[in-house]
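First comes the structure, then the notes that go with it.
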Amino acid sequence: MPRPRKPANPFRYFNSSPEVIRLVVMMYVRFPLSLRNVEDLLFERGVDICHETVRFGWNRFGPLFASENASAILLESGNAVLKPERATTWSTTLAVHPQAITGLRAELTYFSVRYRDRIAEPITFETTALADDILEDVITLAPSEAAALSSAASVNNLLDGPYDPAEVVAIIDNRNHTVARQRVSGIDLFVDYLVEMAGSGRLNLTANAAYLRSRHQINAQQPVVTLAGAIFNPPHLRASGGATWSDGPLNLSTFANYTGKARR
C-alpha cells in the first residue's frame, strides 16, 4: 500500500523563515503601512528584506495567515462630491485638391482631446488592491470598529456568517472620483481618386488610415497607462482601402480593412 504523501510545505524555496514571512504579512495587513514602510521598519530591527518581497508575501500568504472571519468593506458606485468633467479639444485639417491631377483629393487631420477631472474608479483590479502601495489614499487598513460601522451603514453582506465590524481588516474606497486625466490624440488620412476611363467606365479608388494615441492616469500616484492598442480599447492603427469600377448599370467593388493588434 503506497504511503500517503505529505502536504507540500508552502514556505519551501523561500530564503526567509516562516516566522519572518508571517511577521511581514501581518505588519502590512494590520497596520496602515506601505510596502516600503514595512521594509524600513524591519531593516531597523535587523531584517533585510525588499518591499517587493513584502508585496509577494502578501499575495502568496495573505489568505493563509488571515483570520477565518476576516473581511473587507468595498465601497462602490456613486459619490456625492463629484465635480464636472472638463476637456480641451482642438483639431486642424489640411485639404489638398491638386489641379494637375484631376479627380484626386486628400485630407489630413490632426486632433487632440485633453480630459481633466475625469470620473473614474481609482482601483483597476480589486483583487490585488491591498497589495498595491500606490492605492494608500483609498484604502484604510485596520480600521476602527466605528469606521467599519459607518462605512457599512448600507451593505450587502457576502459573508457566510453575520457581519462583525471587529473582523474588518480593510476599507477599500472604489467609488467614482474626479481625479483621472486622459489625453487622446491622433491623425486621420483620407485619399480619394476618381479616374475617368475613356470608353471603359470610371474607377474610384479610396483609402483611409487613422493612428490613435491614448493615455490615462487615475491619479498622481498611479502610473500613466497607454490605452490605445490594449485589449478592450481602440487599436493604434486602423486602415481601409477600396476600388469601385462602374460602367453603366455594371458595378464591381472590392475593399480591404486592417486593424492593429491588441496587447493584453
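Take the residues of region 128-147 that are under 11 Å from Leu74 (Cα atoms) and in a helix (DSSP H, G or I): which is modelled with the highest pLDDT?
The selected residue is Val138.
Restricting the search to region 202-226, which residues are assigned to a loop (DSSP other than H, G, I, E, B) and surrounded by fewer than 16 Cβ atoms within 10 Å (Cβ to Cβ)?
Of everything in region 202-226, those that are assigned to a loop (DSSP other than H, G, I, E, B) and surrounded by fewer than 16 Cβ atoms within 10 Å (Cβ to Cβ) turn out to be Asn219, Ala220, Gln221, Pro223, Val224.
Which residues, counting only those in region 21-60, are in a helix (DSSP H, G or I) and either among the aliphatic types (A, V, I, L, M) or in contact with a Gly (Cβ under 7 Å, 6 or more places away or on another chain) (or both)?
The answer is Ile21, Leu23, Val24, Val25, Met26, Met27, Val29, Leu35, Val38, Leu41, Leu42, Val54.
Residues are listed down the side, and each one gets a yes or a no for (1) surrounded by fewer than 13 Cβ atoms within 10 Å (Cβ to Cβ); (2) under 18 Å from Ala207 (Cβ atoms); (3) touching a residue at least 24 places away in the same chain (Cβ under 8 Å); (4) not hydrophobic (A, V, I, L, M, F, W, C):
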site	(1), (2), (3), (4)
Glu85	no, no, yes, yes
Thr88	yes, no, yes, yes
Thr93	yes, yes, no, yes
Ala106	no, yes, yes, no
Thr109	no, yes, yes, yes
Tyr115	no, no, yes, yes
Arg118	no, no, yes, yes
Ile123	no, no, yes, no
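Go through the residues of region 173-183 one by one and say whether even a single one is of a type in the set (Lys, Arg) and not in a strand (DSSP E or B).
For region 173-183, residues of a type in the set (Lys, Arg) and not in a strand (DSSP E or B): present.
Check Thr89 against each of (1) modelled with pLDDT under 75; (2) in contact with a strand residue (DSSP E or B) (Cβ under 7 Å, 6 or more places away or on another chain) and name the one condition it does not meet.
Here Thr89 meets the rest and fails (1).
Within region 149-162, is there a residue that is part of a helix (DSSP H, G or I) and at pLDDT 70 or above?
yes
Just give me the residues in region 227-264 being under 21 Å from Glu107 (Cβ atoms) and either assigned to a loop (DSSP other than H, G, I, E, B) or touching a His at 6+ places or on another chain (Cβ under 8 Å) (or both), in sequence order.
Selection gives Pro234, His236.
The values are calculated or read from the model by the stated rules, or taken from the named source; none is laboratory data. For clarity, every value in this text was computed on a predicted model and none was experimentally measured. All Cβ positions, glycine included, derive from the backbone under ideal geometry; neighbour counts span all protein chains shown.
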